[in-house]
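Asks: Below you'll find the structure I mean.
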Amino acid sequence: MTNEGCDLQIRSSVQFVIFHLPFVIGHLLNLSLIQLLGIEMVGTIKKPKWGIVLPCILSLSAVMCLAAERSRIDLNGTWQFRVDPQNEGEAGRWHSSEVPFPRSIEVPGCWQAQGVGEPSGILRHHYAGTAWYRRAVAIPASWQGKVIVLRAGGVLRRASVFVNGARVGEHDGFSTPFEIDISQAVRPGTDNVIALSVSNAGPSITESPDKQTPDVPTGTLTYIGNWGGIYGRVEIEAKERTWVDKLYITSQVARKAVRFKIAVRNKETGGPYPARLRVSVAGAESGKSYEGAADLLLQPGEDKTAELEVVVPDARLWSPDTPFLYTAKISLACKGQECDRVEERFGIREITTRGNVLLLNGNPLYLRGYGDDDIEVLAGVPPASTEVYRKRLQLVKSFGFNGVRFHSMTPVREFFEAADEAGLLIMAELPVAYTQYLLPHKDFLRNELTRILLAHRNHPSFLSLALGNEFNLSWLKTDEQKKDFLATVAEFYGLAKKLDPARLILSNDGYLMRPTDMASLFRDFPKDVPTVRHEFGSYYCSLPDISLRDRFTGVIVPTWLEAKKQWVEGGGLAAAYPVYVRNSQRLQQLGRKYQIERARRNPDVTGYHYWLIVDYPGGTGEGDSWEEGWFDYFWQPKGISPEEGKEVNSPVLLMVGAGVHDRTLWSEASKRIDVSVSNYGEGEIRNARLRWKLTSQGAVLSQSDAGGINAPPGKVTRISSIGIGPLRGDEPRKLELVIELDSGKRTFANRWSFWAFPKAGLLRSSGLRVASTVKSAALSRIYPFVQQDPKNDGRKDLLIASALDAEGAQFLRGGGRVLLLADRSQFERQGDATFFPASGGALGTLIPDHPALRRFPQEGFCDLQFFNLLEGAYSFSLDDWPKNLTPLVGAIRTTTAFLSKAKNLSRAGYVFESKVGEGKLLI
């Protein structure tokens with residue numbers, strides 16, 4: 001709950017009291033205003049005794065405010081700090097101010113990022129064990145008799161709290177904020193020593209997922225590093241002995257009604273006495289406040305829960321496009337006096353399902369999400385700053401995203417707050433990185449589940465909670481384990497629905513396991529629950545950007561970038577490598593567009609979380625680095641603009657019936673292309689206008705438009721068919737097709753590249769005698785000037801061959817020219833070529849300026865005009881060839897397996913030329 005405004009109220013109360021209180025008191029006491037204010041007559045100047053009066057007024061005003069508002073002391077900043085590797089701190093009374101602490105540390109933040117520990121793996125500093133935080137805090141005397149709690153945004157992994165030498169409580173968990181009642185140990189009116197013993201005891205993750213042992217609870221928050229410390233904000237809060245404890249807000253959109261379930265805690269010993277809860281919500285348009293109230297009769301020490309409803313007739317609904325937030329003001333009156341007041345932001349919105357359709361406020365929703373693995377290469381842990389997340393979410397929203405999945409973790413409170421404001425739907429998870437981490441930590445996870453839902457269930461951005469990641473029963477060894485596992489999933493699901501009935505609960509993210517409200521899968525999508533694509537995007541990566549190495553000034557050392565830097569420099573590629581990196585990012589974006597458009601055609605899928613939003617470092621349990629992010633490690637876009645992102649990450653997505661294999665055409669021919677639309681916009685598209693334009697180098701070749709376009713919501717609809725060609729000209733060229741759909745409210749656009757090649761140009765003969773030993777009827781049919789010479793004994797200037805036999809080698813060394821269309825048997829160390837990189841791999845191509853490809857339309861890399869040339873072919877390794885060999889079409893790629901500890905880089909050639917004797921060989 002947020003409770004702001006006390007300072008503002010003090011200021012406004014001062015103004016009110018100054019101008020009104022003297023008249024009231026003066027009337028009651030029959031005193032004049034001059035007498036009341038103690039004004040002395042000095043000549044004709046009236047001089048009030050403000051030194052006495054104003055402090056009294058301020059004091060009275062503060063008391064009026066604090067009678068309802070909760071008081072807080074901010075404990076963020078510098079604390080005394082000491083590591084305790086032998087766990088001797090409690091016995092040695094380290095919680096006492098008499099024991100010296102050798103250093104200080106900042107809160108919030110993990111201790112590794114502040115230089116605690118020794119180098120370990122990719123961490124500059126690492127320490128696993130217990131450490132102590134301590135500081136003295138002055139507690140006001142006015143807090144006497146109040147309930148005083150210590151509140152922390154999060155610790156890793158567990159903490160014991162001491163106040164003035166007394167142990168007052170423990171917290172075992174790292175997913176949520178927590179609070180501990182310290183009232184019995186606090187001494188108001190003096191300094192108090194607050195100490196926290198924090199432990200992150202446990203191993204770091206270095207093995208691949210299938211080899212990890214579940215020694216401690218593990219999710220992505222503790223996966224890259226076994227972080228330790230107080231990573232959330234800390235404060236002490238004082239409240240009256242009867243207060244609003246828990247609040248649950250739900251909406252009924254059709255009725256424009258908001259329901260409040262409010263739990264009241266009571267530590268008063270007197271009574272019984274009446275209490276009254278009042279809730280006020282301001283309308284969106286009218287500014288009018290809509291209220292609800294409930295009366296309670298509190299017995300001594302009794303806690304009670306009340307439910308009430310507030311109807312907001314002019315309600316504005318929350319959605320990713322219109323993230324409108326309300327503030328509920330909840331007041332609790334005890335014995336006729338206000339004893340507590342809290343505020344809670346919320347959105348009026350309703351998530352439901354219909355078969356495999358996900359509905360937001362009754363409308364079909366397509367989740368255009370990204371994946372987040374908690375990658376903080378500088379600080380290690382998530383920032384405890386709403387402002388940081390506001391900036392990040394402004395960026396991701398500009399790229400068209402409306403959702404995020406957090407792998408095996410729940411984001412911090414500050415992220416939820418920023419997501420509420422930005423309009424981003426959150427799929428959170430229990431800290432269960434993989435199957436084996438569930439059963440050994442069942443009790444711990446049950447508590448985390450409860451805390452997560454109670455802490456965050458009022459956030460409109462909170463879409464779903466999964467019980468963990470990729471529950472693969474085949475990883476369990478016995479049938480009894482599998483039975484226990486399924487029973488635990490069912491138990492946790494039931495508990496979650498009891499705590500938060502409106503929340504979508506997933507059994508896990510990655511496999512279909514019942515019960516579940518929603519599924520997140522690679523394939524085989526069910527018809528009865530909404531399904532999003534799990535870790536979508538085939539893990540296409542770009543090449544590691546070694547220019548980022550010096551920016552790693554925080555907790556993580558980029559050892560993987562150092563290794564790649566040495567390879568680049570050792571291969572004489574320092575000048576060319578940045579171009580390969582940029583071209584690999586261009587290929588990565590082609591892959592994103594291909595993947596997303598393909599997914600949007602599937603009627604059984606209602607979204608995806610594209611994996612990942614930022615690159616993933618090497619040296620972890622996931623092996624070497626994964627440069628799969630839309631952004632780099634520092635949240636900088638990787639060669640892609642927001643406009644390019646929004647075109648494919650659009651609620652209304654235009655698509656064409658020409659796949660990645662169908663982007664080349666003959667200039668002389670005509671081509672029909674179907675146009676369809678995936679409509680997850682604001683509703684049905686009615687009488688829209690479709691416009692299309694075909695251009696080449698900025699010149700318009702053809703264009704047209706049509707009206708009367710209709711498309712229902714939540715469906716993929718074929719809306720048109722357009723024709724391309726025939727095209728004039730005898731030169732090959734790149735074409736760009738742009739299609740726009742104007743709904744009257746918004747215009748949606750998408751674009752695709754095509755390449756046109758004139759047949760006439762291919763039939764030209766240069767006058768050279770061309771012979772071929774290749775057994776291919778198509779070669780002579782398409783190129784009539786090529787003469788078949790199976791025995792290689794005819795006269796020729798150029799030989800086309802699939803193998804270099806003795807006659808061919810002799811012809812080559814004697815000054816002939818050979819085009820070798822080699823098959824796999826001719827060379828060793830050849831690899832299968834794919835246009836897109838292998839899953840988890842990276843590929844960057846480079847086409848230098850060369851006469852051989854000067855008339856071939858290309859922009860320095862292999863765009864989709866190369867798809868059919870590369871897909872299913874094979875490349876030639878150049879790692880052992882001279883460094884100065886520059887292929888006509890070359891590549892740098894990763895060569896090792898999916899979760900390899902080292903994804904080695906390799907040079908490859910698709911087309912290259914070499915001098916052999918007096919002749920020239922083109923492969």
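All of the numbers you see were taken from the coordinates with simple rules; none came from a lab. Please read all numbers here as calculations on a predicted model, not as lab measurements. Cβ atoms come from the backbone with ideal geometry, glycine included; neighbour counts cover every protein chain shown.
Asks: Going down the table (593/671; 261/646; 734/901), which pairs top 32 Å between alpha carbons?
Replies: Result: 261/646; 734/901 exceed 32 Å.
Asks: Along the charge dipole of region 540-685, pointing to its positive end and built from +1/-1 on Cβ of Lys, Arg, Asp and Glu, which listed residue (677, 584, 658) has its Cα farthest out?
Replies: Highest projection toward the positive end goes to 658.
Asks: Give me the percent relative contact order of region 649-759, please, defined on Cα pairs under 8 angstrom at least 6 residues apart.
Replies: After rounding, I find 34 percent.
Asks: Whole-Hz Karplus ³J(HN,Hα) for region 163-169, in order, using 6.51 cos²θ - 1.76 cosθ + 1.60 and θ = phi - 60°, x for Gly and Pro?
Replies: Running phi through 6.51 cos²θ - 1.76 cosθ + 1.60 with θ = phi - 60° gives 10, 6, x, 9, 6, 10, x Hz.
Asks: If you don't mind, there's one more thing I want to ask. Tell me the trypsin sites (Lys or Arg not before Pro) within region 464-572 that lie in a loop according to DSSP and have at most 10 other beta-carbon atoms within 10 Å.
Replies: Passing both the DSSP loop test and the Cβ count: 477, 523, 527.
Asks: Right, next: List the GluC sites (Glu not before Pro) within region 236-286 that fall in a DSSP loop (any state other than H, G, I, E or B) and whose Cβ has at most 16 other Cβ atoms within 10 Å.
Replies: Hits after loop and neighbour filter: 285.
Asks: Another one. Could you put 456, 441 in order, starting from the residue whose Cβ has the fewest other Cβ atoms within 10 Å?
Replies: Final ranking by Cβ density, sparse to dense: 441, 456.
Asks: Starting from 0 in steps of 10 Å, tell me what percent of the Cα-Cα pairs of region 242-346 lands in each bin.
Replies: It works out to 14, 46, 26, 12, 2, 0, in whole percents.
Asks: Then there's this: Do any of 883/915; 693/759; 442/477 go past 21 Å between their Cα atoms, and which?
Replies: 693/759
Asks: From Cα pairs below 8 angstrom and at least 6 apart in sequence, can you work out the relative contact order of region 821-916, rounded to a whole percent?
Replies: 32 percent
Asks: Shifting gears a bit: Helix 50-66 versus the longest principal axis of the chain: what is the Cα-based angle in degrees, 0 to 90, to the nearest 10?
Replies: Approximately 70 degrees, to the nearest 10.
Asks: Order of 111, 132 from fewest to most other C-beta atoms within 10 Å?
Replies: Exposure proxy ranking, most exposed first: 132, 111.
Asks: Follow-up. Any idea what angle helix 479-499 forms with the longest principal axis of the chain, computed on alpha-carbon atoms, 0 to 90 degrees, nearest 10?
Replies: Result, in degrees: 50.
Asks: Follow-up question, since we're still on this one. What's the local net charge at residue 903, with K and R +1, D and E -1, over the other residues with C-beta under 10 Å away?
Replies: It works out to a net charge of +1.
Asks: Cα centroid distance between region 275-336 and region 845-867, in Å?
Replies: About 65 Å separates the Cα centre of region 275-336 from the one of region 845-867.
Asks: Lys and Arg at +1, Asp and Glu at -1: add these up for the other residues within a Cβ distance under 12 Å of residue 134 and post the number.
Replies: Overall, the nearby charge balance is +2.
Asks: With an 8 Å Cα cut-off and a minimum separation of 6 or more residues, compute the relative contact order for the chain in percent.
Replies: So the answer I get is 8 percent.
Asks: Please give the net charge around residue 92, taking every other residue with its beta carbon less than 15 angstrom from that of residue 92, where Lys and Arg add +1 and Asp and Glu add -1.
Replies: 0
Asks: Here's a follow-up. Select from region 627-700 those chymotrypsin sites (Phe, Trp or Tyr not before Pro) which occupy a DSSP coil region and have at most 14 other Cβ atoms within 10 Å, ordered by residue number.
Replies: Within region 627-700, the qualifying chymotrypsin sites (Phe, Trp or Tyr not before Pro) (loop, at most 14 other Cβ atoms within 10 Å) are 634.
Asks: OK, next. Ratio of Rg to Rh for the chain, alpha carbon only, Kirkwood?
Replies: Using only Cα positions, Rg/Rh for the chain is 1.07.
Asks: So, one more: Treat the count of other C-beta atoms within 10 Å as a stand-in for reagent exposure and order 556, 685 from fewest to most.
Replies: 685, 556
Asks: Compute the long axis of helix 386-398 from its Cα atoms, compare it with the longest principal axis of the Cα atoms of the chain, and write down the angle in degrees, 0 to 90, nearest 10.
Replies: Rounded to the nearest ten degrees, it is 30.
Asks: Let me ask you something else. Taking the DSSP beta bridges in region 762-922 as the whole, what percent of them are antiparallel, to the nearest 5?
Replies: Taking every DSSP beta bridge within region 762-922, about 60 percent pair in antiparallel fashion.
Asks: Mind checking the dipole of the chain: about its Cα centre, +1 per Lys or Arg Cβ, -1 per Asp or Glu Cβ, Debye to the nearest 20?
Replies: Dipole size: approximately 1860 debye.
Asks: Ignoring everything except DSSP H segments at least 4 long, calculate the 222 nm mean residue ellipticity for the chain; use -39,500 (n - 2.57) per segment, divide by total residues, nearest 500.
Replies: -5500 deg cm²/dmol
Asks: Out of all DSSP beta bridges in region 649-759, what portion is antiparallel? Express it as a percent rounded to 5.
Replies: Antiparallel: roughly 95 percent of the beta bridges in region 649-759.
Asks: Among DSSP beta bridges lying fully in the chain, give the percent that are antiparallel, nearest 5.
Replies: Beta bridges within the chain, antiparallel portion: roughly 80 percent.
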